[in-house]
Amino acid sequence: MLPYAYAISVSSEKIVVSEEFSVTQSPMSLTTKEQLRAARAMLDWSQQDLADHSGVSLSSIFRLENGSGPLAIRLDTLQKLQTTLEKAGILFLPENGGGPGLRTRK
């Protein structure tokens, strides 16, 4: 168990991430709007580039990136975005007491 992690609950194929519970590390480490924007910036991709590479609509990416905090996202959309970004060289880091993060692969 991580001392302080994001809880992920799935309801009607929608994932809601919150900081209310301690849970074991999820294989899906893309959890925040800030991570999504930072990953795209690290690749020097526009929102349109991410839409083109992932198959997620531009309007969805705009909506998901708007604001701050946890992502409220459908599971299939999360999988498309995380897989696309990881294949492009992004490594998502789980919550470890300092907040979730990311870096480029070596």
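Every number here is computed from the coordinates shown, using simple stated rules; none is lab data. Note that the coordinates shown come from a computational prediction; the quantities given were computed from them, not determined experimentally. FYI the Cβ positions are ideal-geometry reconstructions off the backbone, even for glycines, and counts take in every protein chain you see.
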Amide H neighbours of Leu91 under 5 Å, counting only residues 5+ apart in sequence or on other chains, H built in-plane at 1.01 Å?
Arg103, Thr104, Arg105
Using 0.36 nm times the number of residues separating Ser46 and Arg103, minus their current alpha carbon distance, what extension gain do you get?
18.7 nm
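Set the Förster distance to 25 Å, then compute FRET efficiency between Leu93 and Ala72 from the Cβ-Cβ distance, nearest 0.05. Display every interim value, and only then the final one.
Working: r = 21 Å, r/R0 = 0.84.
Between Leu93 and Ala72 the formula returns 0.75.
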